[in-house]
Amino acid sequence: MALENAVNEVVKRVKETEEIAQELDVPSDMTRYDDKLDQLIERIECLEMVIVN
């Protein structure tokens, strides 16, 4: 039963942390990765244009 209580407490705190981050408009890790991925795609497209020409 103690393990179940600990798990429930961790889940509760993670949810609270996520809610606070949303209220503060803190970007999630996925948003940061999406931005970096977009930048990489853009650079690859530029390099492909240079190679083709």
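Compute the acute angle (0 to 90°) between the alpha-carbon long axis of helix 29-52 and the principal axis of greatest extent of the alpha-carbon atoms of the chain; round to the nearest 10°.
For 29-52 against the chain, the angle is about 10 degrees.
For the chain, what % of the accessible area comes from carbon and sulfur atoms, probe 1.4 Å?
Numbers: 3210 of 5390 Å².
For the chain, the apolar C and S fraction of the accessible surface comes to 60 percent.
Rounded to the nearest 500, what is the chain's calculated 222 nm mean residue ellipticity when only DSSP H runs of at least 4 contribute -39500 (n - 2.57) each, over all residues?
-30500 deg cm²/dmol
Between rounded, prolate and oblate, where does the chain land on the alpha carbon gyration tensor, with a ≥ b ≥ c its root eigenvalues, rounded for a/c under 1.5, else prolate if a/b exceeds b/c? It would help to have the intermediate numbers written out before the result.
Details: a/c = 11.82, a/b = 3.15, b/c = 3.75.
Since a/c reaches 1.5 but b/c is at least a/b, the shape of the chain is classed as oblate.
The values are calculated or read from the model by the stated rules, or taken from the named source; none is laboratory data. It should be emphasised that the depicted structure is a prediction, and the values quoted were computed from it without experimental measurement. Note: areas computed on protein heavy atoms with side chains; ligands, DNA, RNA excluded. Shrake-Rupley method; radii C 1.70, N 1.55, O 1.52, S 1.80 Å.
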